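To start, the structure under review is shown below, and the notes come after it.
The values are calculated or read from the model by the stated rules, or taken from the named source; none is laboratory data. Just so it is clear, the structure is predicted and the values come from calculations on it, not from any experiment. Glycine gets a Cβ as well: all are built from the backbone with ideal geometry, and neighbour counts include every protein chain shown. We work out accessible area using only protein heavy atoms, side chains counted, and drop any ligands, DNA or RNA first. Shrake-Rupley method; radii C 1.70, N 1.55, O 1.52, S 1.80 Å.
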Amino acid sequence: LSYSTDLNSLFAAEYQHYMQDDIMVKVDRAAMAVSLEGREPLLDHRIAEWAFQLPLGVKYRNKTLKYLLKEITHKYIPKEIMDRPKQGFAIPVIDWLQGDLSYLISQYFSKKRINSQGLFNYSFVEQHLKRFKNKSPESEVFIWHMLVFQMWYDKWLK
């Protein structure tokens, strides 16, 4: 098989399996969870069939996937917007926990509470709390996981 055939086979497998069995299932569930009907116009079978017939050079060029689509889009959207790295949809949980939601830290991380559970060493938790207040990334992750656990514990084990 040639490089072109291998890459087109990979694109086809992604469309037939990964998109349908993974990505679209997640998109559909997320949309339905908030009573939305999602539409993915570029996944219309007629567009996909047309795209599969295009030469590889207009789909992948200079290490750029979706080359043709991006070139068309650059006519309408500035390159500096289109060509920037992907960004997730992160929410500023840590900022909230250090601001308006700081009462959750006080509520779920008190010495009395941690010691009464008998699950965690309070001095270890306290060290992370101090680092968390100084915005240590490692402690931010620990505090978030610990908070989720504490809330779960209250709901299911208390």
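At-a-glance table
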{"item": "Estimated vicinal HN-Hα couplings, Hz - region 120-125 in sequence order (Karplus 6.51, -1.76, 1.60; Gly, Pro = x)", "result": "10, 7, 4, 5, 5, 4"}
{"item": "Structure-based [θ]222 nm, the chain - -39500 (n - 2.57) summed over DSSP H runs of at least 4, per residue, nearest 500", "result": "-17000 deg cm²/dmol"}
{"item": "Amide H contacts under 5 Å for Tyr60, placed H, 5+ residues apart", "result": "Tyr67"}
{"item": "Share of carbon and sulfur in the accessible heavy-atom surface of the chain [1.4 Å probe, %]", "result": "59 percent"}
{"item": "Qualifying trypsin sites (Lys or Arg not before Pro) in region 9-60, DSSP loop, other Cβ atoms within 10 Å at most 11", "result": "Arg39"}
{"item": "GNM top mover of Ala12, Ala33, Ala48 - the chain, alpha-carbon springs below 10 Å", "result": "Ala33"}
{"item": "Accessible surface, per residue, of region 1-86 when the full set of protein chains is kept, probe 1.4 Å, Å²", "result": "84 Å²"}
{"item": "Dipole in debye (nearest 20) - the chain, about Cα centre, beta carbon charges: Lys, Arg +1; Asp, Glu -1", "result": "600 debye"}
{"item": "Reachable aspartates and glutamates, given that their alpha-carbon falls under 16 Å from the alpha-carbon of Lys130 and they are not under 8 places away in the same chain", "result": "Asp95, Glu138, Glu140"}
{"item": "Given Lys26/Lys66; Lys79/Lys133; Lys133/Lys158; Lys26/Lys135; Lys26/Lys70, the pairs whose alpha carbons are separated by over 31 Å", "result": "Lys79/Lys133; Lys26/Lys135"}
{"item": "Karplus 3J(HN,Hα) series, Hz, for region 128-138 with 6.51 cos²θ - 1.76 cosθ + 1.60 (x for Gly, Pro)", "result": "5, 4, 5, 5, 4, 5, 8, 6, 6, x, 4"}
